[in-house]
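Step one of this worksheet: look at the structure below.
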Amino acid sequence: MHRFASLLLGLMSLVTAASVSAASCPALLDHRMRTFDGKEVNLCDYADRPILVVNTASRCGFTPQFSKLQAMYERYQGKGLMVIGFPSNDFRQELATSKEAGEFCLANYGVKFPMMELSSVRGESANPLFQGLAKATGEEPGWNFHKYLIAPGGTSVHSFSTRTEPDAAAIIGKLKPMLK
């Protein structure tokens, strides 16, 4: 009987922990998405850290920003930063498939941060995360490499234009207080 009670108590603890975890995920991040190579990512897993979300394109004049995004990721990952790239062909400058876009980023820029599958990032067809980001900031991407910095817990979202480099003082100034 004692063993059964211990087992039941253990199961209840797991269910409670899962419920608390799900409850602590902000609605903005409550999405499951796929990387360019088909792996599922639960954005709630990153809810406790700052996240820099960027819509990307492989054939854009701003594509060299990948180098700075990767450098930022390497520099601040240990302090909590997550960078996530969202390839999009909304501006007709992305390769044909998610796999091609992801492989391009790795081969040409050494990108090791998660790159999601191709999706739309603006308008009615935008993926759910970008719909939420546009609603939270009042700004949707006007071009490739628009950046959103999401505070831990989704408490605030900052929007940065394409021309704002990833290592610009405007972004770093908002990011540093969010780091561990």
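The values are calculated or read from the model by the stated rules, or taken from the named source; none is laboratory data. Worth saying up front: this structure is predicted, and the values here are computed from it rather than measured. No Cβ is skipped: glycine too gets one built from the backbone with ideal geometry, and neighbour counts run over all protein chains shown. We work out accessible area using only protein heavy atoms, side chains counted, and drop any ligands, DNA or RNA first. Shrake-Rupley method; radii C 1.70, N 1.55, O 1.52, S 1.80 Å.
Assorted remarks:
- Residue check, Glu103 acidic (Asp, Glu) and under 20 Å from Lys39 (Cβ atoms): yes
- Between Ile171, Ile84, the distinction of being within 21 Å of Pro26 (Cβ to Cβ), β-branched (Val, Ile, Thr) and outside any helix (DSSP H, G or I) belongs to Ile84 only.
- A residue that is in a loop (DSSP other than H, G, I, E, B), of a type in the set (A, V, I, L, M), within 23 Å of Met72 (Cα to Cα) and open to solvent by less than 60 Å² (accessible area, probe 1.4 Å) can be found somewhere in the range 120-138.
- Residue check, Pro166 open to solvent by less than 30 Å² (accessible area, probe 1.4 Å), in a loop (DSSP other than H, G, I, E, B) and more than 22 Å from Leu95 (Cα to Cα): yes
A quick yes/no check of all residues on (1) farther than 16 Å from Leu133 by Cβ; (2) open to solvent by less than 80 Å² (accessible area, probe 1.4 Å); (3) modelled with pLDDT of 95 or more:
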site	(1), (2), (3)
Asp30	no, no, yes
Val54	no, yes, yes
Ala57	yes, yes, yes
Phe62	yes, yes, yes
Phe66	yes, yes, yes
Leu69	yes, yes, yes
Glu74	yes, no, yes
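- Per-region count, the range 139-148, residues surrounded by 21 or more Cβ atoms within 10 Å (Cβ to Cβ) and among the hydrophobic types (A, V, I, L, M, F, W, C): 1
- Residue list for the range 77-101, filter: closer than 19 Å to Ser159 by Cα and open to solvent by less than 20 Å² (accessible area, probe 1.4 Å): Leu81, Met82, Val83, Ile84, Gly85, Phe86, Pro87, Ser88
- Residue within the range 12-23 that is part of a loop (DSSP other than H, G, I, E, B) and at pLDDT 50 or above present: no
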